[in-house]
1. Given a Förster distance of 25 Å, report the FRET efficiency between Arg27 and Thr4 from their Cβ-Cβ distance, rounded to the nearest 0.05.
2. If you take every residue apart from Arg24 with its C-beta less than 12 Å away from the C-beta of Arg24, what net charge results, scoring Lys and Arg +1 and Asp and Glu -1?
3. Which helices count as membrane-span-like in the chain under these terms: full DSSP H, at least 18 Å along the axis by C-alpha, Kyte-Doolittle mean of -0.5 or more?
4. Work out, step by step, the length gained on full extension between Asp83 and Cys44: first 0.36 nm times the residue separation, then minus their alpha carbon distance; give nm to one decimal.
5. Pop a pseudo-label 7 angstrom from the Cα along the beta-carbon direction at both Ser54 and Thr14 and give the gap in nm to one decimal.
6. Just how large is the dipole of the chain about the Cα centre, in debye to the nearest 20, putting +1 at every Lys and Arg Cβ and -1 at every Asp and Glu Cβ?
Amino acid sequence: MFWTTIGAIAALLTSLSFVPQIARSLRTRSVKDVSLVTLYQLSCGVGLWIVYGSYRKDPIIILANAVSLLTLFILIYLYFKYDCVSRPAGGDK
C-alpha cells in the first residue's frame, strides 16, 4: 500500500506538470518559450507509457499518462493557435 501511494502521488505530480505552462500560455497568449519538438517527443514517450501500462494492467500508469498526454495535446493546440497569431503576415518568425 505504501508504494502504491508513492506511485499515485508521483503520478499526480508528473501528470499535472504542464498545467502551469498551459495557464501561462493562456494568460499571455504566447508560446514563444515552448519547444514544439519537446512537446512531440514527450507525447510519444507518454503514449508509450500508456501502452506499457496497458500491458501491465496498471491503472496508475495508464491514468497518469493519459492526463499527461491530454495536457500535452492542449499545449500543442495552444502552440499552433498562438504561434499563428504572433507570426508576422508574409514572413517567418
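Here, each number is a calculation from the coordinates, and none is a lab measurement. These numbers come from a predicted model, not from an experiment. Neighbour counts run over all protein chains shown; Cβ positions are idealised from the backbone, glycine included.
1. Numbers: r = 36 Å, r/R0 = 1.43.
Efficiency for this residue pair is about 0.10.
2. So the surrounding residues net to +2.
3. Taking the DSSP H segments of the chain (at least 18 Å long, mean hydropathy at least -0.5), we get 2-15, 36-56, 59-86.
4. Working: separation 39, 0.36 × 39 = 14.04 nm, distance 2.17 nm.
Contour length minus the Cα-Cα distance gives 11.9 nm.
5. Label at Ser54, label at Thr14, 1.9 nm between them.
6. Details: 9 positive and 4 negative charges, 45 e Å.
Here the size comes out at about 220 debye.
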